[in-house]
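Engineer: Supplied in structure tokens, the structure appears directly below.
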Amino acid sequence: MRDIMSPLDGVISPLRRKSGFSPASLFAAGEQGVWFDPSDFSTMFQDSAGTTPVTAVEQPVGLIRDKSGRGNHASQATTTSRPTLSAKVNLLLNSRLNGGVSGSPGTAPTSWSYLNTGTPAFTYAADSEATGNTVRIVTDTTQRGLLRQFVAVAANTVYCASMVVDVVTVAAIFQFITWSSPPAGATITFSLNGSVVAGSTSVPAGRHTLAAIITVAATAGSPELRIGCGAQSAGVAFDTTIRQVQVHSGSVRTNYQWTNTETDYDTAGFPYYLAFDGVDDSLATGTINPGSVDKVILFAGIRKNSDAAQGLVAELSASVALNNGAFALTAPNSAAANYNFSSKGTTQVDNTVTTYTAPLTSVLTGLGDISAPSNIIRVNGTQAGAVTTTQGTGNYGSAALYIGRRGGSTLPFNGKLYSLIARFSATNLETATISKTETWVNSRTGAY
């Protein structure tokens, strides 16, 4: 196990795809396992029978075929419990501001509405810097000119609303962007060009990136995002141009993604993933027979949306606690900011690592060895924890692999799955191969 536990050299670039490596090589000697790749449309079907292909984002996935060559396909027979294929980052509808008609106030863009005082002037024009339009808003001291959209937010999750602005009139940041009617217990903070500031901080003239971050507590809701001039009140003669508005989970603005409708949005450069709703979404394979082997390695590219409750990413058998020869990966493992990998011969060993606070995207690697007892978890190519307590005796057993819920019924995972690979063997992978596989998974995930 010394090679597996050695640190890796080099820096891995996110979304690098041309490495010359394929996970197919992990199974070249007939090893059992699975390889699920949501970026490969040819492997996915909307129904569990595999008759209706997935052809576009925001379609359900009832079957995803195993690319390992072992035929361990994963499916979901219940239509309402199927994850959704997505590449969506921006939660807003029509961030392109299509449909806006210039005037005083003119017509609000599709999926947006006005919240104005008086007759502010709105001027819509093509954005020379990105797909979509800009809007220039001009008011006098008695007027307010605002666009608003209600956004559904989940409990115990952080969301960042942001936009790029060209400011002529200096004013407080919360006059340009804010959340109204937040759910009970939610808090709102602001950032100016990536730095956290008070809401009353003045935004200087010029080009800036503004953000209003809402931290949702135990109560979900649909707060109102307000952008424009006079979000808090009138009293300033504004002149501001707004472009590239977005809302996404997390506290820092990510690369801008234009959106038009729920299903029409920019996918270029944005990783595909299976979205698990944290309620009842899951997939499961048929019985996998690893053979007489006592070593497993699991690679998963994920984003966990919340730390409110334990979420099952993948588990061999209906419960690692109740079955010998099993493993499980959870994100989180409890209502806390952690990850966990469990491995078991006849004795279960848990390996929990902290602090990894949701919402968070990570490439996770779990290595289990029953006979030379070792349980290792790696995060983004670096070892995060190792436990050498005995795992008892035996090999990994014949069982289904459950994805997204324990046994298909409990511990629902609230998050995104970009890639999942599991390999059973009698020998451990070399460090270089682990590194190459993590790099490949990260090329589909963009975690680091």
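Engineer: What is the sum of charges around T157, taking Lys and Arg as +1, Asp and Glu as -1, for the other residues whose C-beta is under 11 Å from the C-beta of T157?
Structural biologist: 0
Engineer: Now a separate question. Work out which GluC sites (Glu not before Pro) in the chain are exposed loop sites (DSSP not H, G, I, E or B, at most 14 other Cβ within 10 Å) and give the longest gap free of them.
Structural biologist: My reading of the result: 263-429 is the longest stretch.
Engineer: If you don't mind, another one. Restricted to Cα positions, what overall size does the chain have along the principal axes? Three whole-Å values, descending.
Structural biologist: Rounded to whole Å, the extents work out to 78, 44, 40 Å.
Engineer: A further question on this structure: Around Q32, under 10 Å between beta carbons, what's the net of Lys plus Arg minus Asp minus Glu among the other residues?
Structural biologist: +1
Engineer: Convert each backbone phi in segment 211-228 into a coupling constant with the Karplus relation 6.51 cos²θ - 1.76 cosθ + 1.60 (shift: θ = phi - 60°), then list the ³J(HN,Hα) values in order as whole Hz, x for Gly and Pro.
Structural biologist: 9, 10, 9, 10, 9, 7, 8, 6, 10, 6, x, 9, x, 9, 7, 10, 10, x
Engineer: Please get the size of the charge dipole for the chain, origin at its Cα centre, with Cβ charges of +1 on Lys and Arg and -1 on Asp and Glu, quoted in debye to the nearest 20.
Structural biologist: That gives a dipole near 220 debye.
Engineer: Using only the alpha-carbon atoms, how far is helix 431-445 inclined from the longest principal axis of the chain? Give it as 0 to 90 degrees, nearest 10.
Structural biologist: 30
Engineer: Which far-off residues, 5 or more places away or on another chain, put their amide H under 5 Å from the one on T393, with H placed in the peptide plane?
Structural biologist: Placed amide hydrogens put T346, T347 under 5 Å from T393.
Engineer: Only helical DSSP H runs with n ≥ 4 go in: add -39500 (n - 2.57) per run for the chain, normalise by residue count and round the 222 nm mean residue ellipticity to 500 deg cm²/dmol.
Structural biologist: The per-residue figure over the chain is -1000 deg cm²/dmol.
Engineer: Also, quick follow-up: Tell me which residues come under 5 Å, amide H to amide H, from G221 once H is placed; ignore anything under 5 positions away on its chain.
Structural biologist: Long-range HN contacts for G221: V153.
Engineer: With +1 on each Lys and Arg Cβ and -1 on each Asp and Glu Cβ, and nothing else charged, work out how big the dipole of segment 113-249 is about its Cα centre, in Debye to the nearest 20.
Structural biologist: 120
Engineer: How many angstrom separate the Cα center of segment 300-366 from the Cα center of segment 163-188?
Structural biologist: That distance is 37 Å.
Engineer: Which net charge results for the neighbourhood of T131, defined as the other residues with beta-carbon distances under 13 angstrom from its beta-carbon, given Lys and Arg at +1 and Asp and Glu at -1?
Structural biologist: Once all neighbours under 13 Å are counted, the net charge is -2.
Engineer: Right, something else. Using a cut-off of 14 Å between alpha-carbon atoms, which aspartates and glutamates can reach K344, once sequence neighbours fewer than 8 places away in the same chain are excluded?
Structural biologist: Result set, ordered by chain and number: D294, E315, D369.
Engineer: If you don't mind, another one. Tell me whether segment 113-249 comes out rounded, prolate or oblate; compute the Cα gyration tensor, take square roots of the eigenvalues as a ≥ b ≥ c, and use a/c under 1.5 as the rounded threshold.
Structural biologist: Prolate.
We did not get these values from a lab; they are worked out from the coordinates using the rules stated. Please read these numbers as outputs of a predicted model, since none were measured by experiment. Reconstructed Cβ throughout: ideal geometry from the backbone, glycine too, with neighbour counts over all protein chains shown.
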